[in-house]
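Asker: Structure in structure tokens, see below.
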Ligand SMILES: Nc1nc2c(c(=O)[nH]1)N[C@H]1C(S)=C(S)[C@@H](COP(=O)(O)OP(=O)(O)OC[C@H]3O[C@@H](n4cnc5c(N)ncnc54)[C@H](O)[C@@H]3O)O[C@H]1N2
Ligand code: MOO
């Protein structure tokens, strides 16, 4: 199915040399990424996974009961199914067990042994627990008053066939697997995982050893694949491309991925080819620069056919900023989930310096009820974010002490417990 592309929120390429850069406000950039993902995701057929493989995915469709639950009137206790008033005549040498087909109807004044979970015979008016009964020869006596329908779970008590048990988008937890099985499912519909390819640009990057002679280690290649996997993507691969425009064009246009993530080359340097390559590839820039620090040269482009490219800046923390701003909402919408909701906003302990016009994303840890901003938060640094619980969203102008800030939590367990040991140098 052809998906509808959202309208660009920034002008297409060609404006860079002759116009001032028109960056998108940070909240709008996130919203544009989510819209792009939703539009592209709408055309993707869910796949059906056996229950044993569906854990950790989300439901692509509402979970509707395929049966009444319970699917028959069931005894809730071990004891006796009885019909009418007691004492009752026990039906000799027989009992109804769980898993057995329903037995012949009880007639008034009759009782039959029954187990928890067994179908109650037609005509049953109540179940009497073993411990509330006494037998005397062929007769059964109740030791307590018997209330009509007591200890019978009526068919459909929990749900009727066709009832919606869970909405689309629900995370498949172990309990969801249990409920789905109870409701008659062998397989669950889940959205296909977005396929992502990472292209790492830059001639200066080494994949092993120590930096030397102007060369540095590629910090993004090892980080992005696992991070994108943690966001629900299927990572097809991470390729190092260098600063070669032809090679980049071939990689972008030839990629089988739903989302191509590039690193570096977003700015206006002599070997920053990304905009030119996107222009040549006929891409539409949906977001071309974001009013956020670090990471303002980040971009989002539609490659057509429901495919997208997220251009992350090369500075490592700027790349993280782009990942959280554009890639996460895009992938979440494509995968039918919500971006990491996390643990919600919290007041910041101390004043945080802001950018005069742009949003700032600052690595923070949660200490008690408060957020503590971390040092080592420069655009080229990963040392702060490596021990952070998330990135706080600092509005233009900064945040005063005690001000509530939203937090973009990271898709793995919080690390704040580990920080105090090193806290002196980080916060
Ligand atoms: N004239 C201007 N120059 C720059 C601007 C600007 O607005 N005008 N923006 C600066 C900002 S902010 C950033 S961020 C960077 C964005 O640069 P690119 O996306 O083009 O990235 P590169 O130039 O390729 O690299 C920037 C920086 O990051 C290092 N890098 C790149 N890839 C990696 C990697 N995989 N692992 C570790 N480090 C990497 C690269 O060596 C550079 O030091 O542009 C500014 N310039
Ligand atoms: O993205 Mo740059 O400073 O914002 O590193």
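Each value in this text was obtained by applying a stated rule to the coordinates, not by laboratory testing. Just so it is clear, the structure is predicted and the values come from calculations on it, not from any experiment. Ideal geometry is used to build each Cβ from the backbone, glycine not excepted, and the neighbour counts take in all protein chains shown.
Asker: Multiplying the sequence separation of residue 404 and residue 145 by 0.36 nm and subtracting their Cα-Cα distance, what value in nm do you get?
Answerer: Once the chain is fully extended between residue 404 and residue 145, it gains 87.3 nm.
Asker: Right, something else. With N denoting the number of residues in the chain, provide Rg(C-alpha) divided by 2.2 N^0.38 Å, to two decimal places.
Answerer: Values: Rg = 30.7 Å, N = 427, 2.2 N^0.38 = 22.0 Å.
Against the compact-globule rule of thumb, the ratio is 1.40.
Asker: What's the ranking of 364-370, 114-120, 223-229 by average number of surrounding C-beta atoms within 10 Å, highest first?
Answerer: 114-120, 223-229, 364-370
Asker: Return the FRET efficiency for the residue pair residue 157, residue 234: r is the Cβ-Cβ distance, R0 is 51 Å, and the value is rounded to the nearest 0.05.
Answerer: E(calc), rounded to 0.05, equals 0.80.
Asker: By how many nm would the segment from residue 135 to residue 25 grow when fully extended, if each residue of separation counts as 0.36 nm and the alpha-carbon distance is taken off? Show your work: numbers first, answer last.
Answerer: Details: separation 110, 0.36 × 110 = 39.60 nm, distance 7.93 nm.
Going from the current span to full extension adds 31.7 nm.
Asker: Let me ask something else about it. Determine which residues of region 175-217 fall in the zone a paramagnetic label at residue 76 would reach in this model, i.e. backbone nitrogen under 13 Å from the point 7 Å along Cα→Cβ.
Answerer: none
Asker: Right, here's the next one. Put a dot 7 Å past each Cα toward the Cβ at residue 216 and residue 204; how far apart are the dots in nm?
Answerer: Label at residue 204, label at residue 216, 0.6 nm between them.
Asker: Would you calculate, for the chain, the mean residue ellipticity at 222 nm contributed by helices, counting each DSSP H stretch of 4 or more residues as -39,500 (n - 2.57) and dividing by all residues, to the nearest 500?
Answerer: Taken over the chain, the calculation gives -4500 deg cm²/dmol.
Asker: Alpha carbons only, please: Rg and Dmax for region 193-253, in angstrom.
Answerer: Radius of gyration, then largest Cα-Cα span, for region 193-253: 12.9, 41 Å.
Asker: On to the next question. If you stretched the chain out fully between residue 350 and residue 93, how much longer would it get, using 0.36 nm times the residue separation minus the C-alpha to C-alpha distance?
Answerer: Difference between extended and current length: 84.7 nm.
Asker: For region 98-251, what size does the Cα cloud have along each of its three principal axes, sorted from largest down, in whole Å?
Answerer: 99, 31, 23
Asker: Quick check: the angle from helix 26-41's long axis to the longest principal axis of the chain, C-alpha only, nearest 10 degrees?
Answerer: Taking Cα atoms only, the helix is inclined about 60 degrees.
Asker: Does anyone have the angle between helix 221-230 and the longest principal axis of the chain? Alpha-carbon axes, 0 to 90°, nearest 10?
Answerer: Taking the Cα atoms of the chain, the angle to 221-230 is about 30 degrees.
Asker: I'd like the FRET efficiency for residue 115 and residue 66, computed as 1/(1 + (r/R0)^6) with the beta carbon distance as r and R0 of 30 Å, rounded to 0.05.
Answerer: E between residue 115 and residue 66, to the nearest 0.05, is 0.75.
Asker: Shifting gears a bit: What is the projected area of the convex hull of the Cα atoms of region 346-426, averaged over all directions, in nm²? Write out the running numbers ahead of the final one.
Answerer: Values: hull surface 20.0 nm².
Convex hull of Cα atoms, orientation-averaged projection: 5.0 nm².
Asker: Over the Cα atoms of region 184-291, how large are the radius of gyration and the largest Cα-Cα distance (Dmax), in Å?
Answerer: According to the Cα coordinates of region 184-291, Rg and Dmax are 16.4, 64 Å.
Asker: For region 233-332, take every pair of Cα atoms, bin their distances at 10 Å starting from 0, and report each bin as a whole percent.
Answerer: The distribution over region 233-332 is 16, 55, 29, 1, given as percents.
Asker: Let me ask something else about it. Just 325, 67, 263 to compare: in a GNM of the chain, with alpha carbon springs under 10 Å, which one fluctuates most?
Answerer: 67
Asker: Quick one: what do you get for region 74-153 if you divide its Cα Rg by 2.2 N^0.38 Å?
Answerer: 0.93
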